[in-house]
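The values are calculated or read from the model by the stated rules, or taken from the named source; none is laboratory data. Because the structure is a prediction, the values reported are computed rather than measured. Cβ: placed from backbone, ideal geometry, glycine included. Neighbour counts: every protein chain shown. In case anyone asks, the SASA skips ligands and DNA or RNA and just uses the protein heavy atoms, side chains included. Shrake-Rupley method; radii C 1.70, N 1.55, O 1.52, S 1.80 Å.
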Amino acid sequence: MSWIPFKIGQPKKQIVPKTVERDFEREYGKLQQLEEQTRRLQKDVKKSADADLAMSKSAVKISLDLLSNPLCEQDQDFLNMVTALDTAMKRMDAFNQEKVNQIQKTVIEPLKKFGSVFPSLNMAVKRREQALQDYRRLQAKVEKYEEKEKTGPVLARLHQAREELRPVRDDFEAKNKQLLCEMPRFYNSRLDYFQPSFESLIRAQVVYYSEMHKIFGDLTQQLAQPGCPDEQRERENEARLSELRALSIVADD
């Protein structure tokens, strides 16, 4: 005799309409996708902010390293150039820090807070699933007694099973109705919630790059003096490098 283990304890009656199950799966699937997107977006924005800070800190360190180079003591023009660069890099770092602080407060933290809602939502879905399993188990129990010969003990057990079923069915239906109502509302609320954050992100970038345009414009004016074209500098550097390679201390053995 063949038997299917996972059919044991399952009711024959369709206790939840397939359309309701499809609606629930669709809405919950959208929220699962939203949870993953929120987590990924928070991670990417944090990574971008950290990279921006690292970039400006590195630029400041480069200018400081150049200032401590002996060349600055030997060449006043070079010292003036590096000093102008150092001032520009420190201004850039200061504005960059302001930008990152704003993004932290208006984008990263709101993303984190929004993401903190999903564990509660997922727990509510688990409670709904547990209620559904209890509903199915008790419905199957009722059906089992309904199929038996209607003796006194069977009718008593049937009555008891129906009494056990009623609050479990009501509990499931309440949880199911609440989730079907609130999941779409929560999903649709993402637009109003995130729009201010994204607007702030865009404004922070616009302000920052506007300031960078001014900073590097000022630096360009300070460095605006006749000089060698890049191609000529490259040829000169190659010539000097060839001279260095010709020295006996770096000659190939």
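General remarks:
- Entry remark, the range 84-131: residues being over 15 Å from SER197 (Cβ atoms) and over 17 Å from the mean Cα position of the chain (by Cα) number 27 in total.
- LEU79 surrounded by 15 or more Cβ atoms within 10 Å (Cβ to Cβ), touching a helix residue (DSSP H, G or I) at 6+ places or on another chain (Cβ under 7 Å) and free of Cβ contacts under 8 Å to residues at least 40 places away in the same chain: yes
- For beta carbons closer than 9 Å, sequence separation of 6+ or different chains, a first residue in the range 137-162 that is farther than 19 Å from VAL16 by Cβ and a second that is not in a helix (DSSP H, G or I), the qualifying pairs are VAL154/LYS148; ARG157/LYS148; LEU158/LYS148; LEU158/LYS150.
- Top-ranked residue of the range 1-47 - restricted to ones that are aromatic (Phe, Trp, Tyr) and not in a loop (DSSP other than H, G, I, E, B), ranked as modelled with the lowest pLDDT: PHE6
- The residue list ARG26, ARG22 contains one member that is within 30 Å of ARG137 (Cα to Cα) and surrounded by fewer than 11 Cβ atoms within 10 Å (Cβ to Cβ), which is ARG22.
- Count of the range 100-128 residues, restricted to those that are among the β-branched types (Val, Ile, Thr) and either open to solvent by 70 Å² or more (accessible area, probe 1.4 Å) or in contact with a Phe, Trp or Tyr (Cβ under 7 Å, 6 or more places away or on another chain) (or both), is 1.
- Residue that is nearest to the chain's Cα centre (by Cα) [pool: residues in the range 37-54 that are more than 30 Å from TYR187 (Cα to Cα) and in contact (Cβ under 8 Å) with a residue 12 or more places away in the chain]: ASP52
- Residue among LEU71, LEU66 that is open to solvent by less than 80 Å² (accessible area, probe 1.4 Å) and hydrophobic (A, V, I, L, M, F, W, C): LEU66
- Flag if VAL60 is open to solvent by less than 40 Å² (accessible area, probe 1.4 Å), modelled with pLDDT of 95 or more and among the β-branched types (Val, Ile, Thr): yes
- Residues in the range 181-191 that are touching a helix residue (DSSP H, G or I) at 6+ places or on another chain (Cβ under 6 Å) and either open to solvent by 40 Å² or more (accessible area, probe 1.4 Å) or without any contact (Cβ under 8 Å) to a residue 60 or more places away in the chain (or both): TYR187 only.
- Set side by side, the residues LEU165, LEU219 differ, and just one is aliphatic (A, V, I, L, M), farther than 30 Å from LYS18 by Cβ and in contact with a helix residue (DSSP H, G or I) (Cβ under 6 Å, 6 or more places away or on another chain), which is LEU219.
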